[in-house]
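Worksheet: one structure, shown below.
The values are calculated or read from the model by the stated rules, or taken from the named source; none is laboratory data. Being a predicted model, the structure only gives us computed values, none of them experimental. Every residue, glycine among them, receives a Cβ derived from its backbone with ideal geometry; neighbour counts consider all protein chains shown. For accessibility, only protein heavy atoms count, side chains too; no ligands or nucleic acids. Shrake-Rupley method; radii C 1.70, N 1.55, O 1.52, S 1.80 Å.
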Amino acid sequence: MKILEEIIEAHGGMDYWDTLEAVEADISAAGFLFMAKRRPVLDHIRMRASTREPRFTFFDFPGPGKTAELIGIDEVRILDPDGKVIARREDPRLAFRSVRHLFSWDDLDFIYFAGYATWNYLTAPFLLMRKGVIVRELSPLSGDLARLTRLHVTFPDDIPTHSREQVYYFDDQRLLRRLDYTAEVVGNWAHAAHLCDGYQLFGKLKVPTRRRVFPLPFGHRPLPGPTLVAIDVHDVRPIVLPD
């Protein structure tokens, strides 16, 4: 798709992305979802997203010296400062079917949700070029949304993500401005609009540094509140593949 080629180029280009092993970022996050699931907010947490596979790492989380990892759809785990696994959950998405998850998330729950979500965010839109991802252009909307190009995206089963079907919105400079999805681990009713702005250049990557997620109960107009998740990206460091 020509439009997808333009989008990839606007965010840094596939040639540059292919030189990267990972993307590291310092991120803070808060919002209604944290309160609803009894989770502490994130304050300048260092994270790493692999560019090669769905793999994500939190450093000094959930405590100083500890490391938390998402490994695809298969596993989440917590390691102590010596690299010893001290907690693990296989097939972590299945755990969200329990009644407890309606009221609270433990550390492994949060590592799964925040891990796959942030991996998706930091690797977009290059994520759309992965094998098995199906992309098609949608017709324009009316009003102020008419200026945005919409792409309907269907993800394969081996990519952990909010929902298999999502809609990405791009502006006339081909920058990502919004994602619509259902946060299925929260609930099949958890439809959301995820707004992206504050673009900055890190290396050759153009990255939105301000992300806000709002309820989207119906139609195309999100509610003005509550802010479900507020993400601030303080720094991004592209990690080049070793020679």
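Carbon-plus-sulfur fraction of the accessible area of the chain, 1.4 Å probe, in percent?
The C+S portion of the solvent-accessible surface of the chain is 53 percent.
Could you state the number of Å between the C-alpha centres of region 3-76 and region 200-243?
Region 200-243 and region 3-76 have Cα centres spaced 11 Å from each other.
Determine ³J(HN,Hα), in whole Hz, for all residues of region 99-112 in sequence, where each value follows from phi through the Karplus function 6.51 cos²θ - 1.76 cosθ + 1.60 and θ = phi - 60°; x replaces Gly and Pro.
5, 3, 5, 5, 10, 7, 10, 8, 4, 5, 4, 5, 4, 5
How long are the three semi-axes of the equivalent ellipsoid of region 1-139, in whole Å, if each is the root of 5 times an eigenvalue of the C-alpha gyration tensor, listed from largest down? Please list the in-between numbers first.
On the way: eigenvalues 166, 66, 43 Å².
The answer is 29, 18, 15 Å, longest axis first.
Using only C-alpha atoms and all pairs of different ones, pull out the Kirkwood radius for region 110-243 in Å with one decimal.
Values: mean 1/r = 0.0636 Å⁻¹.
Result for region 110-243, one decimal place: 15.7 Å.
At 1.4 Å probe radius, can you tell me the per residue accessible area of the chain in Å²?
48
Which three semi-axes in whole Å describe the equivalent ellipsoid of the chain, each the square root of 5 times a Cα gyration tensor eigenvalue, listed largest first?
Over the Cα atoms of the chain, the semi-axes work out to 27, 22, 16 Å.
How are the alpha carbon pair distances in region 182-227 distributed across 10 Å bins from zero to the largest one, expressed in percent?
Percent of Cα pairs in each bin: 26, 40, 24, 10.
Hey, what's the Cα Rg ratio for region 64-154 versus the globular rule of thumb, 2.2 N^0.38 Å?
Ratio of Rg to 2.2 N^0.38 Å for region 64-154: 1.46.
Give the separation of the Cα centroids, region 83-112 to region 133-167, in Å.
What the calculation gives is 28 Å, centre to centre.
List the chymotrypsin sites (Phe, Trp or Tyr not before Pro) within region 143-243 that fall in a DSSP loop (any state other than H, G, I, E or B) and whose Cβ has at most 14 other Cβ atoms within 10 Å.
Details: sites: Tyr168, Tyr169, Phe170, Tyr181, Trp189, Tyr199, Phe202, Phe218; in loops: Trp189, Phe218.
Within region 143-243, the qualifying chymotrypsin sites (Phe, Trp or Tyr not before Pro) (loop, at most 14 other Cβ atoms within 10 Å) are Trp189, Phe218.
So how many Å³ per residue does the convex hull of the Cα atoms of region 108-183 work out to?
93
Which one, Val207, Val23, Val41, has the greatest fluctuation when you compute a Gaussian network model over the chain with C-alpha springs under 10 angstrom?
Evaluated over the chain, the most mobile residue of the options is Val41.
Using only alpha carbon pairs under 8 Å that are at least six residues apart, calculate the relative contact order of the chain and give it in whole percent.
For the chain, the relative contact order is 21 percent.
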